[in-house]
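Presented below is the structure to which this report refers.
The values are calculated or read from the model by the stated rules, or taken from the named source; none is laboratory data. For clarity, every value in this text was computed on a predicted model and none was experimentally measured. Cβ placement follows ideal geometry from the backbone for every residue including glycine, while neighbour counts extend to all protein chains displayed. Heavy atoms of the whole protein, side chains included, go into the accessibility calculation; ligands, DNA and RNA do not. Shrake-Rupley method; radii C 1.70, N 1.55, O 1.52, S 1.80 Å.
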Amino acid sequence: MSAPAFFEAPARAEAAEAVADAYRDAFGETPEGVWSAPGRVNLIGEHVDYTGGLCLPLALPHRTFVALSPRHDDVVRVRSAQEAGADWEGSLAEVGAGSPEGWAAYVAGVPWAMGHEHGFDAVVDGHVPLGSGLSSSAALECAVAIALADLAGLPTDDAGRAELAGACVQAENVVAGANTGGMDQAASLRCREGGAILLDTRDDSVTHLPLDLAGAGLALLVVDTRAAHSHSGGEYGARRADVERAARALGVPDLRAVDPADLDEALARLAGQPGAEVLTRRVRHAVTEIDRVARTAQLLRAGRVREVGALMDASHESLRHDYEVSARELDLVVDTARAAGALGARMTGGGFGGSAIALVERDATGEVAAAVRDAFARERLRAPQFLAALPSRGAGRDA
Ligand code: GLA
């Protein structure tokens, strides 16, 4: 049984050179610089970043590159190295709620949210699989944000990056119209090589935690199911609305405020509310998931990475049955990976399609990937794509 090929990230220098070349072709001059930002996977802590919860994402080696030069007027001209003809040109004055539409929102929304008056010319080249639940849109926003911050001399230490993440979330919520939380942008901007971040979404504080997978003889396999998902679609917003309604019914600011020890009592208080059965499951997911993140963080601090597998399994079951954001393809990855010997597996990101992750023995990575590939073929599903999640650096300048 031969192992499937992995989707590798290109070498940094080559990718930077390629996007600079594309810029020269598009605009006839050399760009001021090249910057990039990574996609992410979330180890654990799903669908809790909009209710004051904890998440534990890490940056992928797969990044989106942007070659960019500032302009003296307020015009933004942007081209995609992937898609000829997907150009956008406009003035910052036209940018606002719902405008521009499509992928340009994730580019032009950023200077708008940062309050910039001057535009830029840019070519973007993405190596984060699109629509895969690996935050290709956050990678795009954050690459633009770090470029603009760098050129404007804004701070790019962790506090500066937290500010930039906030602007990127604004761009996504208001301009792109996707009401997502802040995990993806925090991961893309604030992660460091070799570790994950424990993000506390109550105050956006970040703790860097070591994630030495190789040292533990492990690997984190990412399976992009290639089942399309979208966050501007209704389901994500519906879950967010459920959680907000539950918090109101319980009289708490967010579900982080529910102590796991008091969960049963809180659930009992929901009885009699309209839709109590559904709200009960949503609350149970959020409260137990936040607790699982805290326990995962303790394990990472103690260097007990292997034991995270069981918490990943529990997270997936909670997302599948209580939060109802999984999909047939995601469940198939998780079930197959576990049967093939993974220490734990779960969907990652928003769900409804997108990607799953499996914590595997390093030497068994190919075997587990092959088992998943074969299971998809048997079910006559589109062939999935495999990536390795090596904890990588956050957004920065490349050239
Ligand atoms: C998407 C959103 C994030 C987060 C996850 C679920 O990735 O962009 O803010 O809510 O879903 O954890």
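Only residues in the range 78-92 that are in contact (Cβ under 8 Å) with a residue 24 or more places away in the chain and under 10 Å from GLY119 (Cα atoms) count as the first member; pair them with residues that are open to solvent by 70 Å² or more (accessible area, probe 1.4 Å) and not β-branched (Val, Ile, Thr), Cβ under 6 angstrom, at least 6 apart or cross-chain, and list the lot.
From the range 78-92, no pairs qualify.
Hey, among ARG380, ARG373, ARG393, ARG292, which residue is farther than 21 Å from PRO129 by Cβ and either open to solvent by 30 Å² or more (accessible area, probe 1.4 Å) or in contact with a Cys (Cβ under 7 Å, 6 or more places away or on another chain) (or both)?
So the residue among ARG380, ARG373, ARG393, ARG292 that is farther than 21 Å from PRO129 by Cβ and either open to solvent by 30 Å² or more (accessible area, probe 1.4 Å) or in contact with a Cys (Cβ under 7 Å, 6 or more places away or on another chain) (or both) is ARG380.
Does ALA228 meet the test of being assigned to a helix (DSSP H, G or I) and either of a type outside the set (Ser, Thr, Tyr) or open to solvent by less than 50 Å² (accessible area, probe 1.4 Å) (or both)? If you could, list the steps in order and put the result at the bottom.
Working: assigned to a helix (DSSP H, G or I): no; either of a type outside the set (Ser, Thr, Tyr) or open to solvent by less than 50 Å² (accessible area, probe 1.4 Å) (or both): yes.
In short, no.
What single numbered condition from (1) open to solvent by less than 20 Å² (accessible area, probe 1.4 Å); (2) under 21 Å from ASP200 (Cβ atoms) fails to hold for LEU270?
(2)
Would you check if VAL325 is touching a Phe, Trp or Tyr at 6+ places or on another chain (Cβ under 7 Å) and open to solvent by less than 20 Å² (accessible area, probe 1.4 Å)?
So VAL325 fits the description; yes.
Test each condition in (1) under 23 Å from ALA18 (Cα atoms); (2) open to solvent by 20 Å² or more (accessible area, probe 1.4 Å); (3) part of a loop (DSSP other than H, G, I, E, B) for LEU134 and report the one that comes out false.
Just one mismatch for LEU134, condition (2).
For the range 71-110, enumerate the residues that are crowded, with 24+ Cβ neighbours inside 10 Å and farther than 24 Å from ARG12 by Cβ.
Passing the criteria: VAL76, VAL95, ALA105, ALA108, GLY109.
Given (1) open to solvent by 10 Å² or more (accessible area, probe 1.4 Å); (2) in contact with a strand residue (DSSP E or B) (Cβ under 8 Å, 6 or more places away or on another chain), where does ARG202 come up short, assuming only one miss?
Failing condition for ARG202: (2).
Among the residues of the range 144-185, write down those that are open to solvent by less than 10 Å² (accessible area, probe 1.4 Å), over 13 Å from GLY396 (Cβ atoms), away from the ligand (no atom under 14 Å from the Cβ) and not aliphatic (A, V, I, L, M).
Correct list: empty.
So that you can scan it fast, the table gives a plain yes or no per residue for (1) assigned to a helix (DSSP H, G or I); (2) touching a strand residue (DSSP E or B) at 6+ places or on another chain (Cβ under 9 Å):
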{"site": "LEU279", "(1), (2)": "yes, no"}
{"site": "ALA294", "(1), (2)": "yes, yes"}
{"site": "VAL308", "(1), (2)": "yes, yes"}
{"site": "SER326", "(1), (2)": "no, yes"}
{"site": "THR336", "(1), (2)": "yes, yes"}
{"site": "GLY350", "(1), (2)": "no, no"}
{"site": "GLY353", "(1), (2)": "no, no"}
{"site": "ALA358", "(1), (2)": "no, yes"}
{"site": "GLU367", "(1), (2)": "yes, yes"}
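Among the residues of the range 53-70, is there at least one that is surrounded by 24 or more Cβ atoms within 10 Å (Cβ to Cβ), outside any helix (DSSP H, G or I) and aromatic (Phe, Trp, Tyr)?
Scanning the range 53-70, I find at least one residue that is surrounded by 24 or more Cβ atoms within 10 Å (Cβ to Cβ), outside any helix (DSSP H, G or I) and aromatic (Phe, Trp, Tyr), so the answer is yes.
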